Amino acid sequence: MERRTRGSVLNGYLKFIEHKWGVSNLKIARADMGIDNLNFKDGQYYQDEIIGNVLRWINRNKGQEAVKEAGRFILHNLGILNWMVRFNDFQTLALKFPKNFSEVYAFGSCEIDASNPNKIRMILKDVCYYEEACLVWEGICQEALTITKTQGKVSHTSCERQGETQSVFIVEIIQ
C-alpha cells in the first residue's frame, strides 16, 4: 500500500516552518526539498515521503526538539483534531484519535488502550518508519496533555524502527 497523507498535514508542517523561522526559511526549506513550485491542497492525499522530507529538514536544520514542537503545532492546526481537543479530557480525546487518524493517513493504524485510565497506550503500526515520525508523535501526545490541561508524561517504549512490530507511546497521567 502506498503511504499517503492528507495535504492538510503537509501544509501544517510548512506553516510551522514559516511561523517559527519566517518566510525566508520556508522558501529555503521548500527549495532544499525540491517543492518550491508545488502547492498542496488540504483535502487531497500526497506521498508521505514528502512529509518525511519536511520533518527531516526540520531535524537536520533545527534539531529534534523542533520536530517535537512541529508535532505540538500540528495538533493546533489540523481542523480534524483542533475542534475536538478543546472540549475533551485526555482519555476521551485519546479514544477518539484512531478514527481521526484514519481520516488523515491512508496507511498504518492507530489503536488506543485506555484500560488503565492513568496509563494510556497509543499503538501505531506501520507508521513510525523514520526517526522524525517518532518525534512528531511524541510531540502530538505532549501537546494533547497540554491542551486538555492534564498533568502527565509521554514515553516511547517500543519502536518499529528498532525491529518491533509496532511503535508504542505511553502517556502516564499524574493525578
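Are any of the pairs 62/153; 62/119; 15/149; 27/153; 99/119; 68/125 more than 29 Å apart by Cα-Cα distance, and if so, which?
62/119; 27/153
Once both labels are modelled 7 Å past Cα along the beta-carbon direction, what's the residue 150-residue 31 spacing in nm?
Here the answer is 4.4 nm between the modelled labels.
Roughly speaking, what % of Cα-Cα pairs in the chain are separated by over 29 Å, rounded to a whole number?
Counting every Cα pair in the chain, those more than 29 Å apart make up 16 percent.
Using a 10 Å cut-off around each Cβ, can you sort 165, 92 from fewest to most neighbouring Cβ atoms?
In order of increasing Cβ crowding within 10 Å: 165, 92.
Rounded to the nearest 20 Debye, what is the dipole magnitude of the stretch 24-175 about its Cα centre when Lys and Arg each give +1 and Asp and Glu each give -1 at the C-beta? Provide the component values of the computation, followed by the final result.
Numbers: 17 positive and 19 negative charges, 75 e Å.
That gives the stretch 24-175 a dipole magnitude of about 360 debye.
Find, among the GluC sites (Glu not before Pro) in the stretch 1-65, those assigned to loop by DSSP (not H, G, I, E, B) with at most 16 other beta-carbon atoms within 10 angstrom.
Hits after loop and neighbour filter: 2.
Readers should treat all values here as calculations from the given coordinates under stated rules, not as data from a laboratory. None of these values were measured; they are calculated from a predicted model. We place every Cβ from the backbone using ideal geometry, glycine too, and count neighbours over all the protein chains shown.
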